[in-house]
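> One structure coming up, written as structure tokens, with questions to follow.
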Amino acid sequence: MAVLVQEIINADYAFVIHTTNPSSGDSSEIYAEVVKGLGETLVGAYPGRALSFICKKKDLNSPQ
């Protein structure tokens, strides 16, 4: 068993990226959520709302 301990820094933004869209199960899409701060809104039962977006993986090779 390993334990990793890291110092917390004040973050401007936090994000979570899913390499498969969790809503549809589409593996050709990436689903991302972004919040201001440390990310408690994303991973905890804290009030707030994330900015979320979906993009096709094929579009990452040729950004517009």
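The values are calculated or read from the model by the stated rules, or taken from the named source; none is laboratory data. Here the structure is a predicted model, which is why all the values come from computation and not from measurement. A quick note on method: Cβ atoms are made from the backbone with ideal geometry, for glycine too, and the neighbour counts reach across all protein chains shown.
> So which residues in the range 37-60 are basic (Lys, Arg), surrounded by fewer than 13 Cβ atoms within 10 Å (Cβ to Cβ) and either out of contact with any Asp or Glu (no Cβ under 9 Å at 6 or more places or on another chain) or part of a helix (DSSP H, G or I) (or both)?
Arg49, Lys58, listed by residue number.
> Can I ask one more? Since Ala2 meets every condition but one in (1) surrounded by 10 or more Cβ atoms within 10 Å (Cβ to Cβ); (2) modelled with pLDDT of 90 or more; (3) hydrophobic (A, V, I, L, M, F, W, C), which condition does it not meet?
Going through the list (1) surrounded by 10 or more Cβ atoms within 10 Å (Cβ to Cβ); (2) modelled with pLDDT of 90 or more; (3) hydrophobic (A, V, I, L, M, F, W, C), Ala2 breaks only (1).
> For the range 23-64, which positions are basic (Lys, Arg) and touching a residue at least 24 places away in the same chain (Cβ under 8 Å)?
Once the filter is applied, which keeps residues that are basic (Lys, Arg) and touching a residue at least 24 places away in the same chain (Cβ under 8 Å), the range 23-64 yields Lys36, Lys56, Lys57, Lys58.
> Also: Which residues, taken from the range 1-36, are hydrophobic (A, V, I, L, M, F, W, C) and part of a loop (DSSP other than H, G, I, E, B)?
Met1, Ala2, Val3, Leu4, Val5, Ile8, Ile9, Ala11
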